[in-house]
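*Asks:* Starting off with a structure, shown below.
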Amino acid sequence: MPTLSFASDSFFFPTFVSPGCAPAGGLPWLLAEHRDLICPPWLLRGWRGEGRSGRKAWPAPLLMALVLLRWSENLPRETAIRRASTDLGWRAAMGLPADVKVPSDRTVRDFERFLCARHPDISVHRYVLFHAHIVRLCLGHRVVGDDAIWGVDSTPMWCFGACIDTVRLMGTGLRHLARLWAKATGQTFADVAERWNAAFLLAPSTKGGFDIDWKDREQRAKIVDTLARIVVRIVDDVRRRVGDIRRRFRKRALLLCRSLVGIVSNDLETDDDGRLVIARKVTGGRLVSFTDRQARNGVKSKSKRFKGFKLSLVGDLVSGLIASVAVTPGNQHDQDAILPLVARATALVDGIDELLGDSAYGFAEKRERVRRQYGITLVSPPSDAAPPTADDRLTKHDFDIDFDADTATCPAGVETDDKVWRTSGGRHVPAFVWPRDVCDACPLRAKCLKGKRRTQVLHLHPHERALRESRELWEQAATKRKYRRRGEFERLVGRMVQLGGRRAKAWGIGFARFQAHGIAAINNLGLLAARLAQGVAANV
Ligand code: SF4
């Protein structure tokens, strides 16, 4: 399949028709002037047009330009295609003459799928490679100066699928299963609903299928219990008979059964009367949408809750460059994304020594791993340090520990090397013990020992050394001065949100990752365009 080609010296070329259609410093200008640099052939290898036969294919850089323009304005695909047919600036960016029709919706959708796929040579998603390519271009053109201040932060990203309550989740799950079962067994949906003794499935909505007052707590509780038992009965039946249906339906049927069982076990609990009721507890794996199964409940702060994913990023708050992004389920802690984020950022950028982060990144274990693996100091308030006591009791921080000599000294000046071991988080960690007779005679014992204890046992954190070092670092005025600039990082997060990072535009965490890398690349392309336009202005 050969590729379509368009001459840039055509009478119909946008910059000939309207020379000022793509002003310098904007994304259309950058693409019009440097499209081949932005969309290198190695990245787009594998797109149509590499063979010799078949219809002519749209060139990949043209489609890439259209996708980037779409992302930059946060437009739906059809709107972006309509805009491309009328906007000369966009046509200049794509290298498309004014008299040529634009690619179809299907072609653009196929190209976006192509970007989502892994590159055949390196087995990494093309959108990740594209983002990394743009970061390298920005670094090559000195978008990031010597005064860079690197930071890490996260923001909620709502999922695309409808977030529904437990009753609707069970109803929707059963409807999906009934539809699949009808297809797999050659029956109608109504037949399956009747055989399963679940007539409510035929109603337009789950709640509409039960003739009760949903504001009445007692009636509602009764229906939750009934529905949960119907789910358990049907799942049990389907699992026993799954061997009878065609092989291609089996996997999906079992997957739906697993999701339904997950809803019952995560969202419900048994009350004192033996009824299944909505659980008043926090469960990490709770499903929030039947169409977006990787989305989870997330908490940004005490009052801010969301359903979906968490978008984390590492960037330079001086230049605004975003070096790496990650999307994780909403229930994952911020610190879980730090290692892959830092790995990607350090693979692209040299000289990141410090990373500013809020207290979510202040846990000793991750802090220590980032320091050991990548040589980066996380500048953030220590999160797992012992809290100060309300009265004047002595705390763990009043005891000195010499990690090299393996000894500890208490506030009374008594040194000990006597240790016992305990298990914490699957690791053996030591605890220093002071002699009982010394503690008995100590004037500080009332402040030091709790309750009826006769001797002090100082339990150490699995990463006690890193914890103490981070506390010491945090107490320094220079660290606090540096940390004051962390608030500026909100500007970068705000930019991601402005470009459409607050909500996923399609189902699944895979697409959310594609979207996050896309908008991070758009942010970086804006910086590159401004930088190259400065060079053009200086030459003029
Ligand atoms: S009670 Fe024991 S451990 Fe505590 S300060 Fe006195 S001697 Fe030290």
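The values are calculated or read from the model by the stated rules, or taken from the named source; none is laboratory data. Note that the structure is a prediction, hence the values are computed from the model and not measured. Here the Cβ is made from the backbone with ideal geometry for all residues, glycine too, and neighbour counts use every protein chain on show. SASA here: full protein model, heavy atoms, side chains in, ligands and nucleic acids out. Shrake-Rupley method; radii C 1.70, N 1.55, O 1.52, S 1.80 Å.
Matching residues to (1) within 13 Å of the ligand (Cβ to nearest atom); (2) touching a helix residue (DSSP H, G or I) at 6+ places or on another chain (Cβ under 8 Å):
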{"position": "Arg393", "(1), (2)": "yes, yes"}
{"position": "Ala408", "(1), (2)": "yes, no"}
{"position": "Arg427", "(1), (2)": "no, no"}
{"position": "Arg436", "(1), (2)": "yes, no"}
{"position": "Arg453", "(1), (2)": "yes, no"}
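*Asks:* Cβ-Cβ under 9 Å, sequence separation 6+ or interchain: first residue in region 415-444 and touching a residue at least 40 places away in the same chain (Cβ under 8 Å), partner within 9 Å of the ligand (Cβ to nearest atom) and among the hydrophobic types (A, V, I, L, M, F, W, C). Which pairs?
*Replies:* Taking only residues 6 or more apart or on different chains, the pairs are Leu444/Leu394; Leu444/Cys410; Leu444/Ala412.
*Asks:* Of everything in region 160-174, what is over 18 Å from Val242 (Cβ atoms), assigned to a helix (DSSP H, G or I), open to solvent by less than 50 Å² (accessible area, probe 1.4 Å) and not hydroxyl-bearing (Ser, Thr, Tyr)? Give them in sequence order.
*Replies:* Of everything in region 160-174, those that are over 18 Å from Val242 (Cβ atoms), assigned to a helix (DSSP H, G or I), open to solvent by less than 50 Å² (accessible area, probe 1.4 Å) and not hydroxyl-bearing (Ser, Thr, Tyr) turn out to be Val167, Leu169, Met170, Gly171.
*Asks:* Looking only at region 413-424, count every residue that is within 9 Å of the ligand (Cβ to nearest atom) and open to solvent by less than 50 Å² (accessible area, probe 1.4 Å) and tell me the total.
*Replies:* 2
*Asks:* I'm trying to understand the selection: among the residues of region 77-105, which are in a helix (DSSP H, G or I) and surrounded by fewer than 21 Cβ atoms within 10 Å (Cβ to Cβ)?
*Replies:* Those that are in a helix (DSSP H, G or I) and surrounded by fewer than 21 Cβ atoms within 10 Å (Cβ to Cβ): Arg77, Glu78, Thr79, Ile81, Arg82, Arg83, Ser85, Thr86, Leu88, Asp105.
*Asks:* Please go through region 482-520 and pick out each residue that is among the small types (Gly, Ala, Ser) and crowded, with 23+ Cβ neighbours inside 10 Å.
*Replies:* Scanning region 482-520 gives Gly501, Ala504, Ala512, Ala516, Gly518, Ala520.
*Asks:* Among the listed residues Trp181, Trp196, which satisfies the condition of being more than 37 Å from the chain's Cα centre (by Cα), surrounded by 18 or more Cβ atoms within 10 Å (Cβ to Cβ) and at pLDDT 90 or above?
*Replies:* Only one candidate passes the filter, namely Trp196.
*Asks:* Part of a helix (DSSP H, G or I) and either more than 28 Å from the chain's Cα centre (by Cα) or within 30 Å of Ala431 (Cβ to Cβ) (or both): is that true of Glu488 in this structure?
*Replies:* Considered against the rule, which asks whether it is part of a helix (DSSP H, G or I) and either more than 28 Å from the chain's Cα centre (by Cα) or within 30 Å of Ala431 (Cβ to Cβ) (or both), Glu488 comes out as no.
*Asks:* Within the bounds of region 457-474, is there any residue that is loosely packed, with under 13 Cβ neighbours inside 10 Å and away from the ligand (no atom under 11 Å from the Cβ)?
*Replies:* Within region 457-474, one or more residues are loosely packed, with under 13 Cβ neighbours inside 10 Å and away from the ligand (no atom under 11 Å from the Cβ).
*Asks:* Output the number of residues of region 117-128 satisfying the condition of being surrounded by fewer than 18 Cβ atoms within 10 Å (Cβ to Cβ) and assigned to a helix (DSSP H, G or I).
*Replies:* Within region 117-128, residues that are surrounded by fewer than 18 Cβ atoms within 10 Å (Cβ to Cβ) and assigned to a helix (DSSP H, G or I) number 0.
*Asks:* Same structure again: Go through (1) more than 9 Å from the ligand (Cβ to nearest atom); (2) modelled with pLDDT of 90 or more; (3) out of contact with any Phe, Trp or Tyr (no Cβ under 9 Å at 6 or more places or on another chain) for Lys480 and report which single condition fails.
*Replies:* (3)
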